[in-house]
1. A:Q144 is checked against (1) under 30 Å from A:A14 (Cα atoms); (2) modelled with pLDDT under 95; (3) open to solvent by 10 Å² or more (accessible area, probe 1.4 Å) and fails just one. What number does that condition carry?
2. From the list B:Q26, B:Q69, which residue is within 16 Å of the chain's Cα centre (by Cα) and either at pLDDT 95 or above or away from chain A (no Cβ under 14 Å) (or both)?
3. Yes or no: A:R219 assigned to a helix (DSSP H, G or I) and either under 26 Å from A:A134 (Cβ atoms) or modelled with pLDDT of 95 or more (or both)?
4. Those residues that are among the small types (G, A, S) and either touching a Cys at 6+ places or on another chain (Cβ under 9 Å) or crowded, with 18+ Cβ neighbours inside 10 Å (or both), I need them from the range B:28-54; list them, please.
5. Does at least one position in the range A:91-104 carry a residue that is free of Cβ contacts under 8 Å to residues at least 24 places away in the same chain, within 27 Å of B:T244 (Cα to Cα) and not in a helix (DSSP H, G or I)?
6. Of all residues being at the interface with chain B (Cβ under 9 Å from one of its Cβ atoms) and touching a helix residue (DSSP H, G or I) at 6+ places or on another chain (Cβ under 6 Å) in the range A:12-34, which is surrounded by the most Cβ atoms within 10 Å (Cβ to Cβ)? Just the residue, please.
7. Return yes when A:R139 is within 28 Å of B:A210 (Cβ to Cβ), open to solvent by 40 Å² or more (accessible area, probe 1.4 Å) and either at pLDDT 95 or above or more than 13 Å from chain B (Cβ to nearest Cβ) (or both) and no when it is not.
8. Kindly indicate whether any position in the range A:88-100 is open to solvent by less than 30 Å² (accessible area, probe 1.4 Å), within 14 Å of another protein chain (Cβ to nearest Cβ) and over 21 Å from B:L54 (Cβ atoms).
Amino acid sequence: MSAFNHRYKLKVEALGKSFTLHNRGGVRVQGFENVNFSLRCGELLALHGPSGAGKSSILKTIFRTYLADSGSIRFHRNNNPEVDLASCPESHVLDLRRREIGFVTQFLKILPRVSALDAVAYPLIEIGTDEEQAKEEARKMLTQLGIREELFKLSPLTFSGGEQQRVNIARGIIAPKELILLDEPTASLDQKSSEVVLRLLDQLKQRNIAMIAIFHDQRKIEQIADVAVAIGRNEI
Amino acid sequence: MLLELKNVSKIFGSGCNNCLPETGEQADRAICPVCHSVVAVNDVSLKVKDKEILGVVGESGSGKSTLLQLIFQDQPVSEGTIFFNGIKDREGNNCNILELPPARKAWLRNHEMSMIYQNPHLGLNFNFSAGGNIAEKILGAGEKRYEVIRDQALYYFGKIEMPRSRIDDYPDNFSGGQQQRIQIAKALSSSPRLLLLDEPTTGLDVSVQARILDLIKALQYEMGFSMIVVSHDLGVINHLTDLTLVMKNGSLVEYGLTDQILEDPQHPYTQLLVSSKL
């Protein structure tokens, strides 16, 4: 193992997030507090814990969809200075999202007039890949995830829940990234599709990509995760 | 940095020393209690980088459109400075474009920026044909050869998915959605660095709105210009923009990534706005 592998890809320290609802009389809702963990390249960190514990909120805070109240999220970049995702300028976050940090959300959010193939090819086209080549890679990725070819031209919104989730995963991981956040990537998948997704995640690990994923199923955590972090109320 | 506004304000009326401190977000009003001037834009600073897409949201009367008009110099700025694309003065310092000679200001408006208005009557000359409108912008940007102008006009007409045979028709003879598309062709025909859009799809039915938004997005990706999009429709903002600023009573109350503004709004007014979405 080279010295480089000892470096952290991501280090989350004393991270906290609460929501102040000004139009509900200023009620303060605690999302999570004092969350600490770190992960290295090629590692998958699993977040688990009861519903409402703040797991998804942690991913959204790392992706900067939520603004952290306290703590830091240090992201180590290849050939670039380290950044604190909790506080760096918005334009940095936009660059990072395009090239380095991916997010597979829990539910597919997509325009109803975009085909599955175009939706999956888009992240590659966005970073300058030739359109034909991007579509070829999208075809391969969808096939690998067990989406039938006759569905490629249809809107994923007409697909079943499990198919939608696989399109969502394909979209989230097709472009090369350094860190990928996955919110319950196998939640609505049957055993077989789940296995396919876990194999894909394993391939990403081999490619030295760091991942944080939310899982509910203990067996999946044992199967794929290098580190597991329990999230609960007021504890970690 | 493509565009930078520093402490820009716009006062309609006589104006006095109390105008700025007595209005805005904190004061919760846009009319000066002393001289009764309307403060449309109150001490706004912002930056737009190359290829960045910024959304501006806020209630009617919050100063969104005025802000665009100040950038496009449809209105004179009362206070503040605007820098654009590293334009320098003789000493090599960044130059406030508000102090440029009229000819250079016109060049900026014709060449470097374009505006798409909600009302096509503001963006198009209805006494000229569609092609004539596009040609006017290309002429303004410095091209004088008829053949080149005609070819370019046809090229941009094609870009907005309109049949070439209609290029000599007058704007009156087009539908509202088509008029918006002609405005887009006109705006883009000078290859601007910055496109300003003031409620570009308000009043259009949703199927036409979707086509126009997709067209704008595709052209932005292809041509790489920056955009500032004013809209009160959070769906349009979510679809088009990366960054969003929120205005109230002429003041900037919140700025952030568009998904953060929509999912984790901080300011009470932004929370109200987001929770009002249908």
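The values are calculated or read from the model by the stated rules, or taken from the named source; none is laboratory data. Model, not experiment: these values are computed from the prediction. Heads up, the Cβs are rebuilt from the backbone with ideal geometry, glycines too, and the neighbour counts pull from every protein chain shown. Note: areas computed on protein heavy atoms with side chains; ligands, DNA, RNA excluded. Shrake-Rupley method; radii C 1.70, N 1.55, O 1.52, S 1.80 Å.
1. Looking at each condition in turn, A:Q144 falls short on (1).
2. Only one candidate qualifies: B:Q69.
3. no
4. B:A30, B:S37, B:A40
5. Checked the range A:91-104: no residue is free of Cβ contacts under 8 Å to residues at least 24 places away in the same chain, within 27 Å of B:T244 (Cα to Cα) and not in a helix (DSSP H, G or I).
6. Here the answer is A:K17.
7. For A:R139, the condition - within 28 Å of B:A210 (Cβ to Cβ), open to solvent by 40 Å² or more (accessible area, probe 1.4 Å) and either at pLDDT 95 or above or more than 13 Å from chain B (Cβ to nearest Cβ) (or both) - is met.
8. Checked against the condition, which is being open to solvent by less than 30 Å² (accessible area, probe 1.4 Å), within 14 Å of another protein chain (Cβ to nearest Cβ) and over 21 Å from B:L54 (Cβ atoms), the range A:88-100 yields no hits at all.
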